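Heads up, the thing below is written out as structure tokens.
The values are calculated or read from the model by the stated rules, or taken from the named source; none is laboratory data. Computed from a predicted model, the values in this text were never measured in an experiment. Quick reminder, even Gly has a Cβ in these numbers, built from the backbone with ideal geometry, and neighbours come from all protein chains shown. What goes into the accessible areas is simple: the full protein's heavy atoms, side chains included, and nothing from ligands, DNA or RNA. Shrake-Rupley method; radii C 1.70, N 1.55, O 1.52, S 1.80 Å.
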Amino acid sequence: MTQSFRTGFVAAVAAAALLVASLGTPPARAQEGPKTDRMLPRHMKETHVRSLDKGLEWLKRAQSSDGGFTSTEDGTAYPIAMTALAGMAFLASGSTSSRGAYADQVKKTLRYLMKFQRRNGLITGPSEDNGRPMFGHGFALLFFATLYGMENDADIRTDLADKIRKAIRLTSIGQSDAGGWLYYPGGGDEGSVTITQVQALRACHNAGFVVPEKTLRLAIKYLERCKTSEGGIRYSLSSGDQTQTPITCAAVATLYNAGQYDSKLALTCLTFVREKFKKMKTWDGGGIGGHAYYSHLYASQAFYTAGDEYWAEYFPKFSELLLKQQKDDGSWTGDGVGPVYGTAIATLLLQLPYKFLPIYQR
């Protein structure tokens, strides 16, 4: 991960048929707004819920009438990536395009993203096409796959399935010979882009779409080859032996997404990340610096998936630090990228215990 990556952007679904059947009725907040007498998941407090509600309401207000997030610095530069991340935050609340407190926002997000797919399958906007389109493509595909099984409109569902298949094909042919991805399809490889593509492909697989086994297998091998002597993950195959903690966090989450729960690489990376976060006393300490929100996005997924022992170490401590980062209007400004990015990540993190998105579960 480079410095330009932070200033330009930082770089993650649904087991669709199982989702509606397994989740049951969403919690009261998703249907009726905030309540103070609900049963909360373990380690969550009412302060978390109030902060979360403010964050989701800020995202709701920030969404443009066309469904995108283009009125802020990060949205203008990366409208596809930011819109997809915000959409994931709405889905994590238990809302779909037809039910829940943020159904209208989910519907507008879907409509916005669907209009930006090209003939070759790449999901990209005008500004992203000149920058790093594979980030937006990966997050948009993740959103599509997450929502697919929840969509009730038959025509939209058919159109969405076609777009998902085209996007899968673009991602597959855009993989480098080494097994990773870079900012453009077929342009090389580095860790942060690779993470977004693997997580999106796994979400598609969970939703019932055919994903080339070879593509995922090569991607896992790529991460294995990026392992450093410390037990973490480097930026890319050619970047030396220096461990990048943010990408290591993302690698753990992605290995879990790929079903590699007991792999040696997942264990060594989890151990490395756990030790780093144990020593951290601030939100952005421990070598994650300018990539704090990116690191926490994936570290939280990794620790939550690893089990309550890890989650109990992570969430009570870092959720309190996260709440202190929130602005009075309900937003978070993440990693200098902007408030859409920071608020989407913060609300995703706080909603992990609600278990609405299977891609973030074991």
Original post:
Across the range 319-345, what is the number of residues that are open to solvent by 50 Å² or more (accessible area, probe 1.4 Å) and in contact with a Leu (Cβ under 8 Å, 6 or more places away or on another chain)?
Top reply: 0
Original post:
Among helices (runs of 4 or more DSSP H) lying entirely in the range 115-230, which contain 3 or more residues that are basic (Lys, Arg) and within 22 Å of Leu357 (Cα to Cα)?
Top reply: 154-173
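I'm checking my understanding of the structure. Among residues of the range 318-362 that are polar (S, T, N, Q) and assigned to a helix (DSSP H, G or I), which one is nearest to Ala299 (Cα to Cα)? Don't jump to the end; show me each part of the working.
Restricting attention to the range 318-362, the residues satisfying the condition of being polar (S, T, N, Q) are 319, 325-326, 331, 333, 343, 347, 351, 361.
Next, only the ones that are assigned to a helix (DSSP H, G or I) stay: 319, 325, 343, 347, 351.
Numbers: Ser319: 12, Gln325: 18, Thr343: 16, Thr347: 14, Gln351: 14 Å.
In this case the residue turns out to be Ser319.
Whether any residue in the range 240-248 is surrounded by 14 or more Cβ atoms within 10 Å (Cβ to Cβ), more than 24 Å from Leu142 (Cβ to Cβ) and not acidic (Asp, Glu) is what I want to check. Even if it seems obvious, please write down each step before you answer.
Initial filter on the range 240-248 (surrounded by 14 or more Cβ atoms within 10 Å (Cβ to Cβ)): 243-248.
If we keep only those that are more than 24 Å from Leu142 (Cβ to Cβ) too, we end up with 243.
Subset that is not acidic (Asp, Glu): 243.
Scanning the range 240-248, I find at least one residue that is surrounded by 14 or more Cβ atoms within 10 Å (Cβ to Cβ), more than 24 Å from Leu142 (Cβ to Cβ) and not acidic (Asp, Glu), so the answer is yes.
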Original post:
What number of residues in the range 278-311 are farther than 20 Å from Val337 by Cβ and either more than 19 Å from the chain's Cα centre (by Cα) or open to solvent by less than 30 Å² (accessible area, probe 1.4 Å) (or both)?
Top reply: 13
Subject >> Test: residue in the range 336-355 that is hydrophobic (A, V, I, L, M, F, W, C), over 18 Å from the mean Cα position of the chain (by Cα) and modelled with pLDDT of 95 or more >> reply: no
**OP:** Looking at (1) open to solvent by 20 Å² or more (accessible area, probe 1.4 Å); (2) of a type outside the set (Phe, Trp, Tyr); (3) closer than 15 Å to Ser192 by Cβ; (4) in contact with a Leu (Cβ under 9 Å, 6 or more places away or on another chain), find the lone condition where Ala258 falls short.
**Re:** (3)
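Would you say Asp104 is under 18 Å from Ala344 (Cβ atoms), open to solvent by 50 Å² or more (accessible area, probe 1.4 Å), over 20 Å from the mean Cα position of the chain (by Cα) and not hydroxyl-bearing (Ser, Thr, Tyr)?
Numbers: under 18 Å from Ala344 (Cβ atoms): yes; open to solvent by 50 Å² or more (accessible area, probe 1.4 Å): yes; over 20 Å from the mean Cα position of the chain (by Cα): yes; not hydroxyl-bearing (Ser, Thr, Tyr): yes.
So Asp104 fits the description; yes.
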